1. Where the second residue is of a type outside the set (D, E) and outside any loop (DSSP other than H, G, I, E, B) and the first is farther than 20 Å from L82 by Cβ and lies in region 114-134, which pairs have Cβ atoms under 7 Å and are six or more apart or on separate chains?
2. In region 64-102, which residues are surrounded by 19 or more Cβ atoms within 10 Å (Cβ to Cβ), assigned to a helix (DSSP H, G or I) and in contact (Cβ under 8 Å) with a residue 24 or more places away in the chain?
3. Exactly one of these conditions fails for N157: (1) more than 20 Å from G85 (Cβ to Cβ); (2) loosely packed, with under 14 Cβ neighbours inside 10 Å; (3) at pLDDT 90 or above. Give me its number.
4. Looking at this structure, is R145 outside any loop (DSSP other than H, G, I, E, B), free of Cβ contacts under 8 Å to residues at least 60 places away in the same chain and of a type outside the set (A, V, I, L, M, F, W, C)?
5. Only one of these conditions is not met by N43: (1) of a type in the set (S, T, N, Q); (2) surrounded by 10 or more Cβ atoms within 10 Å (Cβ to Cβ); (3) under 22 Å from V152 (Cα atoms). Which number is it?
6. Assess whether D59 counts as being exposed (fewer than 15 other Cβ atoms within 10 Å of the Cβ), modelled with pLDDT under 95 and in the same structural domain as A156 (by TED's automatic domain parsing).
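The values are calculated or read from the model by the stated rules, or taken from the named source; none is laboratory data. All figures in this text were calculated on a predicted structure; none of them were measured in a lab. All Cβ positions, even for glycine, are placed from backbone atoms using ideal geometry, and neighbour counts span all protein chains on display.
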Amino acid sequence: MSWYYYLHISTKCPVTVWLKAGSAANRKYIPIHTIVERLDFDNEKMESITAFHAITGSDTTSYLYGHGKKTCWKVYQEHFRLLQGLGQGELDDVTAKNAELFIGKLYNVSNIITVNKAREILFVKSSAPETLPPTGDALSFHIQRAHYQTAVWRQANEQYPDLPEPETMGWRMEGASLVPTLMSLPPVPDSCMELITYNCAKQCMSARCKCKKSHLRCTAACKCRTSDDDCSNVEAQQQHYVKHTAVRSILSNSNV
């Protein structure tokens, strides 16, 4: 609201604008014009304040775990120029890359240009998974949604705003509703699924073997794999196991 007043009202006619808030029992009025005056921002910083709100979390865009407005604001004060293109025209590669750099600054990792690299560095430092930055894939959809929402706010005074299709901006239709697209890649790469290990010492013949129980073959990291002859759960045996497990499952669910 402060930004809208600054862009669409104060520059055209200096008036006072009040925002009615609170409940019927506790009504209050917020002087938008006073807030704008006290912010004392230059034009450059004020231009991107809606992009800051959208990318750090709003009613229609998600926030980053562990990063509230207060901590994000400190980063914005220094790096606000990284968000200048967000919400203006088409979302090009430069604008998206700058937005990714801004997100990287929030995690206080020096000299990184991608969130994936920041994730790697923080992971090595044994950071909790929920505190890691989003993946580059997930962040790309978040940036698209932030771009779209910022464009909506920037054109709030237009009767017919020029907006892209939301389905091209990190949203998808489910029935009659728009829902956010969270990612396009699988949450866990197939290679990571092969990292299950177990200390089997008896050729992995029983279901006690975690690899076999998960329908995965044992890997070189497993204790049983001193040689292929020592383990019954190598690739050829695993294919046989999966095939017969599937047959038994079909037969157990059959009415015949």
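1. Here the result reads L132/R119; L132/L122; L132/F123, each pair linking region 114-134 to a residue that is of a type outside the set (D, E) and outside any loop (DSSP other than H, G, I, E, B).
2. If the condition is that a residue be surrounded by 19 or more Cβ atoms within 10 Å (Cβ to Cβ), assigned to a helix (DSSP H, G or I) and in contact (Cβ under 8 Å) with a residue 24 or more places away in the chain, then C72, V75, Y76, F80, L83, T95, A99, E100, F102 are the ones that fit.
3. Status for N157: all satisfied but (3).
4. No; evaluated as a whole, the condition is false for this residue.
5. Of (1) of a type in the set (S, T, N, Q); (2) surrounded by 10 or more Cβ atoms within 10 Å (Cβ to Cβ); (3) under 22 Å from V152 (Cα atoms), only one is false for N43: (2).
6. For D59, the condition - exposed (fewer than 15 other Cβ atoms within 10 Å of the Cβ), modelled with pLDDT under 95 and in the same structural domain as A156 (by TED's automatic domain parsing) - is met.
To keep it simple, each residue is scored yes or no on (1) farther than 18 Å from Y63 by Cβ; (2) at pLDDT below 95; (3) not hydrophobic (A, V, I, L, M, F, W, C).
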position	(1), (2), (3)
V94	yes, no, no
E100	no, no, yes
N108	no, yes, yes
I112	yes, yes, no
N116	yes, yes, yes
V124	yes, yes, no
A128	no, yes, no
L132	no, yes, no
H142	no, no, yes
